[in-house]
Amino acid sequence: MNQQELQALMKSFEATTLTRLEYEENGLRLVLERAALPITAAAIGSVTATAGAAATALPASPATVPGTAIAGAVAAAAADPAAPTANSAPAGGNYIKAPVVGTFYIAPSPESAPFVTVGSSVKKGDTVCILEAMKMINEVQAPCDCVIEEVSLADGALAGFDDGLFRIREL
């Protein structure tokens, strides 16, 4: 990744509401991260990315990554953060929400049993699903002791940032 592609990626990242982006290709690993910005109903649409972005590139072999492909992926992931998506959690009710954009998997592998099913009781910190984003596996954990009342996505579906994955009832 050359200097121009890195700067384009950082600029695209700052224009989104994402708080962390990890990218890895051909031995090059790049992590962009910033403090989370509080978003209130009144602030949606007027929030600007004021937190500074920090980039860390680990030593690797030279890689050529089209900057437009990376910038396009970042822009598509946060094209309009105020617009509801098909999987957005409706107002009301408690949901376990997606911390990242990624592919939703209810089980650790296709031949394994699901982490949870409707009616499952889970403890705070238990893994309820995984989200795969750019070949990175992110375990999603229960934020509290709860009962799973609804699984909102099909296995293998794309989850957007902050989409409701499970409707829950706190214990």
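The values are calculated or read from the model by the stated rules, or taken from the named source; none is laboratory data. As the structure is a computational prediction, the values presented were derived from the model and not from experiment. Backbone-built Cβ (ideal geometry, glycine too); neighbour counts: all protein chains shown.
Give segment 148-170 a look and list any residue that's assigned to a strand (DSSP E or B) and surrounded by 14 or more Cβ atoms within 10 Å (Cβ to Cβ), or say none. I148, E149, V151, L158, A159, D163, G164, L165, F166, R167, I168 - these are the residues of segment 148-170 that are assigned to a strand (DSSP E or B) and surrounded by 14 or more Cβ atoms within 10 Å (Cβ to Cβ). Across segment 94-113, the number of residues qualifying as touching a residue at least 24 places away in the same chain (Cβ under 8 Å) and assigned to a loop (DSSP other than H, G, I, E, B) comes to 6.
Picking from residues in segment 119-147 that are of a type in the set (V, I, T) and at pLDDT 95 or above, the one that is surrounded by the fewest Cβ atoms within 10 Å (Cβ to Cβ) is T127.
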